[in-house]
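What follows is a short report on a single structure.
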Amino acid sequence: MTLMDLPGCERDIRAVAIGGSAGASGVLREILAGLTRAFPAPIAVVQHLHPDDRGLLVENLGRAMRIPVVEVQDKMPARPGQVHVAPAGYHMMVERDGAFALSVDDPVQWSRPSLDVFFLSAAKVWRSGLLAIVLSGANEDGAAGLRAVRLRGGMAVVQDPATARFPKMPLAAMTQAGLGGGMSPGQIAVLLERLERRGRSGRRES
């Protein structure tokens, strides 16, 4: 898939949801590295984490980013120009007022946080304004959630399985969401940077 295969790029994106597991941390740094506080929408990251992570992913991403990176707390509002990371040991959801909610409900696909849990809630709230991205991982978490995003009119993107250290997660998501292909990390980075530039242009014109 190329950027030209995403005719929805010109739509108003209200939020970006990114999920991954094994092999995704390096890809996250690559696709987010070019973004700044000017990004026009909140970015939410759900990464399968070891229970003892204790904010290490947030710390590591924050050192490599120009855009602020924070660990989500219950009832924290989703803010544009900021990366919000689900904490280890909690499912993350978004409520209708745009605030995050955390829960310790049972793991889904052996994982907490779960991509499916977040994508399903985000699809209900942000609908056609949601861009959801599935990266490298070793199970099928995120596939059902990405399908729900598409059914509610949102944009769905998966990392090209050929570029993923663990292709099972993007392959499952691509199949269940009915996508014809994936994008390389470099292409996803360009897509996000394009959305930032469009957001800047919109603010100058308003």
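Which condition does R63 not pass, out of (1) more than 21 Å from I31 (Cβ to Cβ); (2) outside any loop (DSSP other than H, G, I, E, B); (3) among the basic types (K, R), if it passes all the others?
(1)
Condition first: in contact (Cβ under 8 Å) with a residue 40 or more places away in the chain, within 19 Å of P185 (Cα to Cα) and either of a type in the set (K, R) or surrounded by 17 or more Cβ atoms within 10 Å (Cβ to Cβ) (or both). Can you find one or more residues in the range 58-77 that meet it?
Checking the range 58-77: not a single residue is in contact (Cβ under 8 Å) with a residue 40 or more places away in the chain, within 19 Å of P185 (Cα to Cα) and either of a type in the set (K, R) or surrounded by 17 or more Cβ atoms within 10 Å (Cβ to Cβ) (or both).
Go through the residues of the range 191-202 one by one and say whether even a single one is of a type in the set (D, E, K, R), more than 22 Å from L35 (Cα to Cα) and either more than 15 Å from the chain's Cα centre (by Cα) or surrounded by 22 or more Cβ atoms within 10 Å (Cβ to Cβ) (or both).
Among the residues of the range 191-202, not one is of a type in the set (D, E, K, R), more than 22 Å from L35 (Cα to Cα) and either more than 15 Å from the chain's Cα centre (by Cα) or surrounded by 22 or more Cβ atoms within 10 Å (Cβ to Cβ) (or both), which makes the answer no.
Taking the stated definitions as given, is S114 in contact with a strand residue (DSSP E or B) (Cβ under 8 Å, 6 or more places away or on another chain), of a type in the set (S, T, Y) and surrounded by 22 or more Cβ atoms within 10 Å (Cβ to Cβ)?
Working: in contact with a strand residue (DSSP E or B) (Cβ under 8 Å, 6 or more places away or on another chain): yes; of a type in the set (S, T, Y): yes; surrounded by 22 or more Cβ atoms within 10 Å (Cβ to Cβ): yes.
Judged against the criteria, S114 is a match.
Looking at (1) over 22 Å from L146 (Cβ atoms); (2) in contact with a Pro (Cβ under 9 Å, 6 or more places away or on another chain); (3) modelled with pLDDT of 95 or more; (4) outside any loop (DSSP other than H, G, I, E, B), find the lone condition where R79 falls short.
Tallying (1) over 22 Å from L146 (Cβ atoms); (2) in contact with a Pro (Cβ under 9 Å, 6 or more places away or on another chain); (3) modelled with pLDDT of 95 or more; (4) outside any loop (DSSP other than H, G, I, E, B), R79 fails exactly one: (4).
The values are calculated or read from the model by the stated rules, or taken from the named source; none is laboratory data. Small disclaimer: the values here were computed from a predicted structure and weren't measured. Note: ideal-geometry Cβ built from the backbone for every residue, glycine included; neighbour counts use all protein chains shown.
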